[in-house]
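The values are calculated or read from the model by the stated rules, or taken from the named source; none is laboratory data. If you're wondering where the values come from, they're calculated on a predicted model, not measured in any experiment. The area values use the complete protein model at the heavy-atom level, side chains included, leaving out ligands, DNA and RNA. Shrake-Rupley method; radii C 1.70, N 1.55, O 1.52, S 1.80 Å.
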Amino acid sequence: MRVAGLLLAAGAGRRYGMPKALVRHRGKLFVEAATDVLYDGGCSPVVVVLGALAEDVRTTAALSGALLVDNPDWDTGMGSSVRVGLSALGATDATAALVLPVDTPGTTAEVVRRFVGLASADVLARATYGGVPGHPVLIGRERWEAVSELATGDAGARPYLERHDVATVPCEDLADGADVDRPEDLPS
């Protein structure tokens, strides 16, 4: 069972003041660190969806091996990036996609490995941290079309997740699950 990594890195980061893909933390750009986490956790291929300042990401970030795809509608929200990313994965032999937003720097390769072990064509699983839903989300290939149909605005896959049984995968023993919306949210 191959699990593809789907990194959502297209947003402008309005609350942050810049695209979070280009935020440098602990010596790496967020987009580089997240791509490494997906690869190190066992995902292959890794698709990175770009939007705001896509050319800057391409020329600045070290993303060799990742498939970079542009979301021309990035400013409409995460839903369009989910659609673009799942569409790009359609040409692969991946059984499932592990979806990770770029602004979750606490996600570890160990969290990714926990999900890779759950892969199947109909899987639907979501990380929880202290019982609170978070990322990543594992979506089996058989669900990609239906997820894409409901992915709009900033909700991403949430409308689909809310309508279906989702396996919860506790991850608080491996990561904190926090996302970074503003500079003051950066972990030390």
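Using C-alpha pairs below 8 Å separated by at least 6 residues, the relative contact order for segment 109-161 is 26 percent. What percentages, rounded to whole numbers, describe P(r) for the chain computed over all alpha carbon pairs with 10 Å bin width beginning at zero? P(r) for the chain, in whole percents per bin: 10, 41, 40, 8, 0. Could you tell me the relative contact order of the chain? Use alpha-carbon pairs under 8 Å, at least six residues apart, and round to a whole percent. That works out to 25 percent.
For segment 43-188, the solvent-accessible area works out to 45 Å² per residue, with a probe of 1.4 Å and every protein chain left in place. For segment 43-126, the equivalent ellipsoid built from the Cα gyration tensor has semi-axes of 22, 15, 13 Å, listed from largest to smallest. Solvent exposure of residue 135, expressed as accessible area, is near 50 Å², computed with a probe of 1.4 Å over the protein chains only. Once you order the gyration tensor axes a ≥ b ≥ c over the Cα atoms, which shape class does segment 36-89 get: rounded for a/c under 1.5, otherwise prolate or oblate by comparing a/b with b/c? Note, shape of segment 36-89 comes out oblate. Along segment 160-165 the Karplus relation, 6.51 cos²θ - 1.76 cosθ + 1.60 evaluated at θ = phi - 60°, assigns HN-Hα couplings of 5, 4, 5, 9, 9, 6 Hz to successive residues, with x for each Gly and Pro.
Between the alpha-carbon centres of segment 120-150 and segment 27-64 there is a gap of 21 Å. Based on DSSP H segments of at least four residues, each scored -39500 (n - 2.57), the chain has a per-residue ellipticity at 222 nm of -7500 deg cm²/dmol.
Rounded, prolate or oblate: pick one for segment 146-188, where a ≥ b ≥ c are the square roots of the eigenvalues of its C-alpha gyration tensor, a/c under 1.5 means rounded, and failing that, prolate if a/b is larger than b/c, else oblate. Oblate shape, in that a/c is at least 1.5 and b/c is the bigger or equal ratio. What a 1.4 Å probe finds exposed on segment 29-188 is 49% carbon and sulfur by accessible area, rounded to a whole percent. With the largest listed first and rounded to whole Å, the semi-axes of the equivalent ellipsoid of segment 115-176 from the Cα gyration tensor are 20, 14, 9.
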